[in-house]
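Beneath this line is the structure, given in structure tokens, with notes to follow.
The values are calculated or read from the model by the stated rules, or taken from the named source; none is laboratory data. Keep in mind it's a predicted model, so treat the numbers as computed, not measured. Ideal geometry is used to build each Cβ from the backbone, glycine not excepted, and the neighbour counts take in all protein chains shown. Ligands, DNA and RNA are excluded from the accessible area calculation, which covers all protein heavy atoms including side chains. Shrake-Rupley method; radii C 1.70, N 1.55, O 1.52, S 1.80 Å.
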Amino acid sequence: SGAANIPAATPAHHQVDGIHGGSVLLPVFISLTQKVAKMEWRFQPQSGLAFVIAEFTNGKLEWPNPRDRFGQRLDMADEATLRIASLELGDRGVYTARVRLASAVVEEHTFSCRVYESVPEPQIHAQLGSKTAEGCNVTLKCLASGKEAFNISWRREDQLSFQEDESGWYQLSAKGPVLHLSWRPNSSDSTVTCLVSNPVDQKNVSLDLLSICPVDSGHPRMTWFLLPSVLLLLLAAGLGIYLRRKRPSRGAIPLTAPEEKKKGSPELQYAELQKRRSPPKSNENQDPGPLSPCLAEVPVV
């Protein structure tokens, strides 16, 4: 007898993306009313011949060639989902699951697997073209190292893209890694963000335009300019008030009573007495004072 003709269902195609070093799932969607008799997995690399990488029968996964490129990186997440761990860039290609059901129906499910590198940390290089009172002309370049091409986009502080900006604060003259801006410091937002991404990963870096185009406002500068002068004026005014309080006025009446003045220290009384006893030098023939007889009678010891 001839071989039986086994009907095959229409192949189902799926697209899956993974990141280098991560894992990816290849789920086969089978009706709950169907029972799987055998599932065979094949891999078609981007260059080379296709080969069987695994077989799943009676709830057990087997590897026809454990020494192939996948090794022990394959396992079944459930009875209908193949998992590939520790993804490598060479795992890119087409995976086909040939499913034989208990009803003798054969289904094929294909998966196009793309593996991407993780996005590196981007950097923004800024160059100030010109600066005027109205604003600055700035050229920004977003750089991301890597062998693959990444999607690069620019966003404002409010997370809007420059294509969505209708305020006129920014002028986008080029797409991609280079951005030319005509920025006005009176705008409400000054932060520009470069977003680098691929289908499985993304990173961003931001730059404050004020760091390369500071606001040139006259008020802060004038305040700092006048501050030393104001401090000097306050110091001079304070010193004048202090000296004025320290110096008594000419018409002021002394607070010390006459009795207290007579009760001064002995040194002051002795100085006053010496002043009265000493005859004036300008006129030696002047009549002696009332204390002269007393001085003559003092015996010399």
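Taking first residues from the range 112-131 that are more than 20 Å from P199 (Cα to Cα) and free of Cβ contacts under 8 Å to residues at least 60 places away in the same chain and partners that are open to solvent by 60 Å² or more (accessible area, probe 1.4 Å) and in a strand (DSSP E or B), the Cβ contacts under 9 Å between residues at least 6 apart in sequence or on separate chains come to H125/K141; H125/L143; Q127/K141; G129/N137; G129/H180; S130/N137. Of all the numbered requirements in (1) open to solvent by 80 Å² or more (accessible area, probe 1.4 Å); (2) modelled with pLDDT of 85 or more; (3) over 30 Å from F150 (Cβ atoms), E40 misses one, and that requirement is (1).
Kindly indicate whether V192 is open to solvent by less than 50 Å² (accessible area, probe 1.4 Å), hydrophobic (A, V, I, L, M, F, W, C), at pLDDT 70 or above and not in a loop (DSSP other than H, G, I, E, B).
yes
Considering only residues in the range 147-169 that are charged (D, E, K, R) and open to solvent by 60 Å² or more (accessible area, probe 1.4 Å), the one that is modelled with the highest pLDDT turns out to be R155. If you go through the range 63-77 and keep only what is loosely packed, with under 13 Cβ neighbours inside 10 Å and free of Cβ contacts under 8 Å to residues at least 12 places away in the same chain, you end up with P66, R67, G71, Q72. Scanning the range 170-189 for residues that are open to solvent by less than 30 Å² (accessible area, probe 1.4 Å) and either outside any loop (DSSP other than H, G, I, E, B) or modelled with pLDDT of 80 or more (or both) turns up L179, L181, W183. Restricting the search to strands (runs of 3 or more DSSP E) fully inside the range 95-152 and requiring at least 1 residues that are more than 43 Å from the chain's Cα centre (by Cα) and acidic (D, E) gives 106-116. Output the residues belonging to the range 24-37 that are surrounded by 14 or more Cβ atoms within 10 Å (Cβ to Cβ) and not in a strand (DSSP E or B). Residues satisfying the conditions are V28, I30.
When residues in the range 39-69 are screened for being within 20 Å of R114 (Cβ to Cβ), in a loop (DSSP other than H, G, I, E, B) and touching an Asp or Glu at 6+ places or on another chain (Cβ under 8 Å), 1 of them pass. Based on what the data block shows, is A144 open to solvent by 70 Å² or more (accessible area, probe 1.4 Å), modelled with pLDDT of 75 or more and among the hydrophobic types (A, V, I, L, M, F, W, C)? Against the criterion (open to solvent by 70 Å² or more (accessible area, probe 1.4 Å), modelled with pLDDT of 75 or more and among the hydrophobic types (A, V, I, L, M, F, W, C)), A144 does not qualify.
Against the criterion of being open to solvent by 10 Å² or more (accessible area, probe 1.4 Å), in a strand (DSSP E or B) and either in contact (Cβ under 8 Å) with a residue 60 or more places away in the chain or within 20 Å of Q202 (Cβ to Cβ) (or both), R83 qualifies. Residues that are modelled with pLDDT of 85 or more and among the small types (G, A, S) were ranked within the range 195-224; the one that is nearest to N151 (Cα to Cα) is S197.
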